[in-house]
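Working notes, beginning with the structure itself.
Please treat every number below as a calculation from the coordinates, not as lab data. For clarity, every value in this text was computed on a predicted model and none was experimentally measured. For neighbour counting, all protein chains shown are included, and Cβ atoms are generated from backbone atoms with ideal geometry for every residue, glycine included.
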Amino acid sequence: MMGRGESGDGVNRRDNGGGAVPTAIRDDDHPRTPGTTDDAGSPGTTGEPDLGNPEVVAAIRAEIDRAGGRIPFERFMQMALYLPGAGYYVGERRRPGRGGDFLTAPELHPMFGFALARQVADCWERLGHPDTFTVREYGAGVGGLAYDILASLHVERPEVAAAVRYRLVEANPFRREQAMAAMREVGLAGQVEAIDPAEEAAAPPITGLALANEVADAFPVRRLVVRGDGPREAFVAWSDAARGFVEVEGAPADAGYAASLQAALAADGVTLAEGDRLEVSPAAADWFGAACRGVGRGYALVIDYGYPAPTLFSGHRLGGTLRAYSGHTVSDDPFRLVGEQDLTAHVDFTALEQAGRAAGAETVGLTTQGAFLASLGLGDWLLRLQADPATDPATYYQAQSAVFRLIDPGGMGRFGVLMMARDAPVSPPPMGFTESPPPF
Ligand SMILES: C[S@@+](CC[C@H](N)C(=O)[O-])C[C@H]1O[C@@H](n2cnc3c(N)ncnc32)[C@H](O)[C@@H]1O
């Protein structure tokens, strides 16, 4: 299990006074931790090749045939993850979690959400205590992070909790249903709504905070390969001989994009060499631009594994950062378990920032998760647990180990945290940006 040897629920969400933990949120079911392995990555044990979900495989093969023999890798990834009714992210089976394929920070420990609650409260103060403060959380899954944030605010900052309206923007209808069942169970349904992304895109701009944890990495990527005669793009074809999908190189589907990307990277001081591979996600940048435009007054906050472009496109990462996660093992083969394994690539924070600026947002800060959580006082909860005579040693050590993992500079602590503002103050720095991060 990826980095997880622990079993059971990370820490007691009840400790925070949020009432009973909603059944659907109770752990052993949701999270992921890809970025906690070395991002140079080492393929896990793959065993016998397994093509994956037959419906997804058939749909991709049909599309390849219709397209004359190949489709861009970006389209392959989009179908593998989001084919209606069958793709990896849209099916009924719950993917993140101890029993799933990977573990995310909110699933690792509720303290992550407790710390974020402080950032929510800080944003509310920076906006002048609005009567209604909307948190629009993208890719909210079953609502674990939302629950931890709300539970914490109700206990620590009831005046903020009273202003918060929480909108779970989640692509998967099963997750939306589970999230709302969970919120009803604990009496939070009155201030939470779960909404399809297309529907939310049409909603009026919010005063508040747009938030996304480990969502930007889930958007499809273009795979570009540097060649002497110009950039090439990875396409996916079907090989009867190999009895599976194979990668083929061709002229970029969007030649203008590839050329302008190379020029932009050169301007950022990125030197590329023959054979270097770059995964870029115009879809993630478009999504973040739209998320920023959806903030009328307030902030957009993205947490994910990735780097600014000059760091992302350097050294060993120029071998590509696309990884596949399944059953807590990691591989770099996207062509097995199609529709049954997560596909993800490191996030280009420079591209997100540029998209945010184009949407009229200003950069507030880019830091690491370790520095962000330290600034928000993550250690306070450990101290509280330590001081509480009711804390048993197992609970304490579990919490301590989670804190280390969340801030570990060699693991989740090096994730990036980008905050941008629209019509909202950028200085002094928000609470989560007061500690300086180590250099990326
Ligand atoms: C890796 S999970 C992260 C879940 C949660 N944020 C966490 O940290 O545990 C990514 C989630 O984003 C959702 N998702 C993917 N693309 C999305 C989109 N375009 N809009 C909203 N949700 C999306 C997936 O269904 C999934 O629940």
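Give, in nm to one decimal, the length gained when the segment between A387 and F174 is fully stretched (0.36 nm per residue of separation minus the Cα-Cα distance). Don't skip to the end; give the middle numbers.
Details: separation 213, 0.36 × 213 = 76.68 nm, distance 3.99 nm.
Extending this stretch completely gives an extra 72.7 nm.
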Return the sequence-ordered ³J(HN,Hα) values of region 360-377 in whole Hz as given by the Karplus equation 6.51 cos²θ - 1.76 cosθ + 1.60 applied to θ = phi - 60°, using x for Gly and Pro. x, 9, 10, 6, 8, x, 10, 9, 9, 4, x, 5, 4, 5, 5, 4, 8, x
Longest segment of the chain lacking GluC sites (Glu not before Pro) that sit in a DSSP loop with at most 12 other Cβ atoms within 10 Å: 93-273
Near the amide H of D50, under 5 Å away, which other amide H atoms are found, from residues 5 or more places off or on another chain, if H is placed in the peptide plane? L337
Could you go through region 210-220 in sequence order and give the Karplus-derived ³J(HN,Hα) for each residue, using 6.51 cos²θ - 1.76 cosθ + 1.60 with θ = phi - 60°, rounded to whole Hz, and x for Gly and Pro? 9, 9, 8, 10, 6, 10, 4, 6, 8, 7, x
Search the structure for amide H atoms under 5 Å from the amide H of V364, placed 1.01 Å from N in the peptide plane, and list their residues when 5 or more places away or on another chain. M419, M420, A421
Over the chain, what relative contact order in percent results from Cα pairs under 8 Å that are six or more residues apart? 21
Sorted by chain and then number, the residues having a modelled amide H within less than 5 Å of the amide H of L209, at least 5 places away or on another chain, are T134, V135, R136, Y299
Per the rule of 0.36 nm per residue minus the C-alpha distance, extending H316 to A162 adds in nm 50.7 nm
Quick one: 3J(HN,Hα) in Hz for region 186-192, Karplus 6.51/-1.76/1.60 with θ = phi - 60°, rounded, Gly and Pro as x. 10, x, 9, 4, x, 10, 10
Computed over region 74-167, the convex hull of the Cα set has an average projected area, in nm², of 7.5
Region 234-382 - percent relative contact order, Cα under 8 Å, separation 6 or more: 23
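Between T395 and A189, how high is the FRET efficiency from 1/(1 + (r/R0)^6) when r is the Cβ-Cβ distance and R₀ = 35 Å? Nearest 0.05. Could the numbers behind the result be given before it?
Values: r = 29 Å, r/R0 = 0.83.
Between T395 and A189 the formula returns 0.75.
Using only C-alpha positions, report the orientation-averaged shadow area of the convex hull of region 350-431, nm², one decimal.
On the way: hull surface 27.0 nm².
Mean projected area of the Cα convex hull: 6.7 nm².
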Which one, L83, L265, L406, has the greatest fluctuation when you compute a Gaussian network model over the chain with C-alpha springs under 10 angstrom? L265
Nearest 10, in degrees from 0 to 90: the angle of helix 393-407 to the longest Cα principal axis of the chain is 50
Place a point 7 Å from Cα of A273 in the direction of its Cβ. Which residues in region 212-247 have their backbone N less than 16 Å from it? 226-228
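Using only alpha carbons, build the gyration tensor for region 292-423 and give me the equivalent ellipsoid semi-axes, biggest first, whole Å. Don't skip to the end; give the middle numbers.
Values: eigenvalues 177, 122, 37 Å².
Semi-axis lengths for region 292-423 are 30, 25, 14 Å.
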Taking every alpha carbon pair in the chain, what does the distance histogram look like in 10 angstrom bins from 0, in percent? 5, 22, 33, 26, 12, 3, 0
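Based on DSSP H runs of at least 4 residues, each adding -39500 (n - 2.57), what is the mean residue ellipticity at 222 nm of the chain after dividing by all its residues, to the nearest 500 deg cm²/dmol? Please report the intermediate quantities before stating the final value.
Numbers: 15 runs with 150 residues, N = 440.
Result for the chain, helices only: -10000 deg cm²/dmol.
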Region 154-237: which trypsin sites (Lys or Arg not before Pro) are DSSP loop and have at most 10 other beta-carbon atoms within 10 angstrom? none
Report the paramagnetic label zone for D240: residues of region 49-72 whose backbone N is under 15 Å from a point 7 Å from Cα along the Cα-to-Cβ axis. 65, 69
